[in-house]
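Please treat every number below as a calculation from the coordinates, not as lab data. Please read all numbers here as calculations on a predicted model, not as lab measurements. Neighbour counts run over all protein chains shown; Cβ positions are idealised from the backbone, glycine included.
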Amino acid sequence: MRLSRLAVLGCLAAAAAAPAFANDTDVDPSFAPTANLDGWTRQYFGTTDEKTVGLARATTATDAGFILATSVSGGSNGARVGLFKLDRNGTRVADFGVAGRIVTDTGFTTVDAMTVDGSGRIVVVGSRPGFGGVGDFAIARFQPNGSLDPAFGTSGVTSYTFEQSSTAFAEASRSVLTDTDGKIVVAGNVGIPSASSNRFGLFRLNVDGTLDTTFGNLVNGSGFRGVVERFSGTRDAYAAKVLKVGGNHYVVVGTSVYSSTDTDFAARLILPDGGIWANDTGTISLPIDEPGNGGSLYDTAISAATTGPTTVVVAGTASGHAAARRFKLGGLSGGLYTTLTNDTDFVGSAIAGRPNRFVSIYADTYPNALAVRGNGDILMVGRIPDGVTAGRQLGLLTRLRANGSPDPDFSFSDGASVLYAPVSGNAGTSWYTELTAVVLDGARPVIAGSAVDSTAAVNDFDAVVARLSSDMIFADGFQ
């Protein structure tokens, strides 16, 4: 059964009001107490737009707070990096930047993802102009106090391109992680005009921002310069997320294009040295195949997370419905994994003829990020139309059990619930709320996103953060 937008609003609003589920889906009113927004906090630099691109735990031994990364309009190339540091209770930390916030023009055209390394340094990736004005990968690293790190790149910023001639590639970052030794792994997309194709790109930087020439399968003199690949055959590939998995392997998750009307979730295994197996070994396609307009089958992977060292859950959309699948690493030989296989324990929505996949019954549901608890239960965050007023969007929460089935203890139906961020002064609810990040603070999920500071129009986006109340559903420290 698929429900209309009108049905969505009525049902989800009723669920949000039901006291039986208040402990799980309500915002914790004790979070960000000085903001006076009933458990929410709005973070901004002025009247420019601030849109959340990442939320991470500050990882130094004495620090239990959060780093919030935003894309702030303006700057020399259109996007600045805005960082905020919050303590564990949602209050800005005064000794970070200026009064807990700092905005920096790094020359980026887009700001796309963020992580924090084991030394508390903040790594932000995006794109910046390259050859012919076409985008290159862009990376900036900030010190734990929010200032650019002079020991990285040029004054804290560097860029990278796979171009080897006068042909300009269209390159953009989508995901970043840091290894325990401080090296930085970046995944994104590489548009190749001469081949009229798109592939995912993956490369690793040393701690000082120089290219790690021991990593990859593309020869570069006496070393390597990363990976530019497809998920399967000759199909276009678009990256969504890079993850570190068991045995120091990596997995790139994204979307594989089968035709103009058919795209699938997909993943590729990357060996510890950046190599790949030949002939599509170590790849997997994970179709959802939810029928769309005109018989189209558009599945788009948006994010992913590990549920253990050898298991990965992928979230995205299928013809406009929130969807998820799960796969496993296998074929261990000589210390190297060789296969990615569908996880048949992921029951999902139990759709006849299409097993092992979750598909939301609600249309126009878009998950942006997910967190996984120790036993495998999944929380996805995103957005959904309110179903009544054109253009209005609500924050969406969807919780699945470890087997991928909707969790009936979280909402009235299909594991879904909605949230509205308040506007300044707590004078009503935002016209447009979208959740784009979630991390875990012990038992409680901390969610972040963007919301307009208006009850009636789309204008002046601010970053928003809140902590959910909980019945101890999430394992401590797992994210």
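Summary of values
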item	result
Pair Ala195, Thr48: separation of 7 Å Cα→Cβ label points (nm)	3.7 nm
Mean separation of Cα contacts under 8 Å, 6 or more apart, over the residue count of the range 353-460: relative contact order %	21 percent
Mean shadow area of the range 135-193, taken as a quarter of the surface of its Cα convex hull (nm²)	4.8 nm²
Summed side-chain charge close to Gly320 - residues other than Gly320 whose Cβ falls under 9 Å, Lys, Arg +1, Asp, Glu -1	-2
Cα-centre dipole for the chain with unit charges at Cβ (Lys and Arg positive, Asp and Glu negative), debye to 20	340 debye
Projected area averaged over orientations for the range 43-202, convex hull of C-alpha atoms, nm²	9.7 nm²
Distance histogram for the range 240-334 (every C-alpha pair counted, 5 angstrom bins, percent rounded to whole numbers)	3, 14, 25, 22, 16, 11, 6, 2, 1, 0
Where N is the number of residues in the range 383-434, Cα Rg divided by 2.2 N^0.38 Å	1.34
Translational diffusion of the range 22-97, µm² s⁻¹ [Kirkwood Rh, Cα pairs; Stokes-Einstein; 20 °C; 1.002 mPa s]	156 µm²/s
Positive dipole terminus of the chain, leading residue within Ser232, Pro445, Ala94 (C-beta point charges)	Ser232
Charge dipole (the chain, unit charges on Cβ, about Cα centre) - positive-most of Pro422, Thr281, Ala323	Thr281
Average Cα contact separation per residue, the chain, under 8 Å, 6 or more apart, as relative contact order %	13 percent
Cα-based radius of gyration of the chain once divided by 2.2 N^0.38 Å, which approximates compact folds	0.93
Stretchable slack from Ala278 to Thr455, in nm (0.36 nm times residue separation minus alpha-carbon distance)	58.3 nm
For the range 363-479, radius of gyration divided by Kirkwood radius, i.e. Rg to Rh on alpha-carbons	0.98
Mean shadow area of the range 80-132 over all directions, Cα convex hull, nm²	4.5 nm²
19 Å Cα-Cα threshold exceeded, pairs from Lys51/Lys244; Lys183/Lys328; Lys51/Lys85; Lys183/Lys244; Lys85/Lys183	Lys51/Lys244; Lys183/Lys328; Lys85/Lys183
DSSP bridge orientation in the chain - percent antiparallel, rounded to nearest 5	95 percent
FRET efficiency, 1/(1 + (r/R0)^6) with R0 56 Å, evaluated for Ser424 and Asp262 via beta carbons	0.80
Relative frequency of Cα-Cα separations exceeding 23 Å in the range 283-401, percent	32 percent
